[in-house]
Amino acid sequence: MKSENNKKNGMTRRKRRILAAVLSAVFVWTACVYCAAAQTEVKAEVKPSDLYAQSAVLMDADTGRILFAKKGQEELPMASTTKIMTCILALENGGLSDLVKISGEAASQPQVKLGAKEGQKFVLEDLLYSMMLESHNDSAVAIAEHIGGSVQGFADMMNDKAEQLGCTDTYFITPNGLDAQDAQGIHHTTAEDLARIMKYCIMDSGKKNEFLHITQTSAYTFRDSDGNGSYSCTNHNAFLNMMEGALSGKTGFTADAGYCYVGALRQDERTFIVALLACGWPNNKGYKWTDTRKLMQYGLDNYLLRQVDAEDMTFSVRVENGFTDGFPDPEPAELTVSAEAEPFQVLLKNGEDVRRECTVPEIISAPVKEGDVLGTVTFSIDGIILQEYPVKADETVGVRDAASCIRYVRDLFLMAG
């Protein structure tokens, strides 16, 4: 008996040890999962205080929607990020093979500069690489004079384009972004406006492919139009090698602006733009890369393409004084209207919904023809229209008047006879 009891007690102790080990493993596994989830959540979150930049935005480049902002509408100088506007205007208004003559004003620009001499001639395409890769100030002025006739003329073009793009808080004075001031204020933009300009350069302009090709080039070498000299350019946009899908960008620095940056990234059909202003001063040159990576990763972690199931929609509208195929009724006729829609994709965060709004009047006046546009169905988010579809009449409704009533009575008698 004693031996059997010892055996049973031994088995019980072993079971308890096994159970304890299993429970301990489950606890450890649960704790690890919880910690991993907590770390992922913390990694995905970005607060304005986490960024070095005084002003910053993250934009969905497809819609122009601002996904994150830190003082995104604060007006600040933007240094050489200005040159993305100079580049796109030159591409749209000039020819790559144009010959550009260096003026005294261009040659006298401060560092950073190509070092071109007054009277030298260069191909416009070469100067664009000089400006965008090395951020040469003299090349920017030469380009501006060639395209706009003068620096002032080109600045007017820059401001006109900014207005067209909805950049209401931007004012250009120089084509190279050097700190400047005139009677209307200082050379400035906002992080939101700067992102809008980059969106135009890489998504909307007819010259977007040329812009991307130039800004993605790692190195470029050229001579002047007479074959003299040898000029080598290296791309200073280090972000191109920092994250998979890095697409384009431009750095900038002046004493007033501090370090600035605007860049774009594309992954899995999602395109993000980051714009940073006043992102540190010497010796904090790397702050802009830290902020850029943080905001881009925030976008990748939190925003996914989701399908909006827009489908054909049908509504009913009353038509006053309407005459259909029955006896003219004093009550408004019923008219079926519809919108032909198709599913589409949009970048959304968990918990976000697209708003659908139908603007069709409840009552309209006859006559109505089949196919007449009577309203719209709009899909939007944060006030940005994603898709818009016309609402059309599915049938014709004539007007009820004395003539239509007489014709109706006449037809009744003819059918009765």
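The values are calculated or read from the model by the stated rules, or taken from the named source; none is laboratory data. Treat the numbers as computed from the prediction; the structure is a model and nothing was measured. FYI the Cβ positions are ideal-geometry reconstructions off the backbone, even for glycines, and counts take in every protein chain you see. To get the accessible areas, we keep the full protein, side chains included, count just its heavy atoms, and leave off ligands, DNA and RNA. Shrake-Rupley method; radii C 1.70, N 1.55, O 1.52, S 1.80 Å.
Probe 1.4 Å, all protein chains in place: accessible area of His146 in Å², nearest 10?
My reading of the accessible area for His146 is about 70 Å².
For segment 76-231, with all protein chains present and a 1.4 Å probe, just round the carbon and sulfur fraction of the accessible area to a whole percent.
44
Determine the order of Asp169, Asp156, Asp353 by accessible area, beginning with the largest, at a probe radius of 1.4 Å.
Ranked list, largest accessible area first: Asp353, Asp156, Asp169.
Taking K and R as +1 and D and E as -1, what net charge do the other residues with C-beta under 11 Å from the C-beta of Ser205 add up to?
+1
Given 0.36 nm per residue, what is the gain on full extension from Ser316 to Arg355 after removing their alpha carbon distance, in nm?
Difference between extended and current length: 12.0 nm.
I need the calculated FRET efficiency for the pair Met242 and Ser365, taking r as the beta carbon distance and R₀ as 51 Å, to the nearest 0.05.
Computed FRET efficiency for Met242 and Ser365: 0.25.
Rank these residues by their accessible area, most exposed first, probe 1.4 Å: Thr190, Thr359, Thr376.
Heavy-atom accessible area, descending, gives Thr359, Thr376, Thr190.
Ordering Lys369, Lys294, Lys47 from largest to smallest accessible area (1.4 angstrom probe), what's the sequence?
In descending accessible area the options line up as Lys369, Lys47, Lys294.
Roughly speaking, what is the centre-to-centre gap between segment 121-147 and segment 67-85 when only Cα atoms are used, to the nearest Å?
Computed from Cα coordinates, the inter-centre distance equals 22 Å.
Points 7 angstrom from Cα along the Cβ direction at Asp268 and Lys121: gap in nanometres?
Label-label distance for Asp268 and Lys121, simple model: 5.3 nm.
Taking the Cβ-Cβ separation of Thr378 and Gln297 as r and a Förster radius of 30 Å, what is the calculated FRET efficiency to the nearest 0.05?
0.40
Would you mind counting up the charge near Lys250? Only other residues with Cβ under 12 Å from its Cβ, with Lys and Arg at +1 and Asp and Glu at -1.
+1
First compute the accessible area of segment 266-314 with a 1.4 Å probe, then give the percent of it belonging to carbon and sulfur atoms.
39
Mind running the shape call on segment 59-132? Use the C-alpha gyration tensor, a ≥ b ≥ c as the square roots of the eigenvalues: rounded below 1.5 for a/c, prolate if a/b tops b/c, oblate otherwise.
oblate
Any chance you could run the full-extension gain for Gln73 through Glu340? It's 0.36 nm times the residue separation minus the Cα-Cα distance, nm to one decimal.
92.3 nm
Just grab the label-to-label distance for Arg306 and Glu395, each label 7 Å out from Cα along the Cβ direction, in nm (one decimal).
A separation of 3.9 nm, rounded to one decimal place.
Using a 1.4 Å probe, what is the accessible area per residue for segment 220-350, in Å²?
Ligands and nucleic acids excluded, the figure is 48 Å² per residue.
To the nearest 10 square angstrom, what accessible area does Tyr298 show with a 1.4 Å probe?
The value for Tyr298 is about 10 Å².
Leaving out ligands and nucleic acids, note down the accessible area per residue over segment 40-97 with a 1.4 angstrom probe, in whole Å².
Here the per-residue accessible area is 40 Å².
If I model segment 235-369 as equal point scatterers sitting on the Cα atoms and use the Debye formula, what is log10 I(q)/I(0) at q = 0.09, 0.10, 0.12, 0.14 Å⁻¹?
For the requested q values the scattering log ratios are -0.53, -0.58, -0.67, -0.76.
Using the beta-carbon distance between Ile385 and Glu105 and R0 = 35 Å, what value does 1/(1 + (r/R0)^6) give for FRET efficiency, to the nearest 0.05?
Rounded to the nearest 0.05, the efficiency is 0.20.
So what does Glu125 come to for accessible area, using a 1.4 Å probe and Å² rounded to 10?
Here the residue's solvent-accessible area equals roughly 60 Å².
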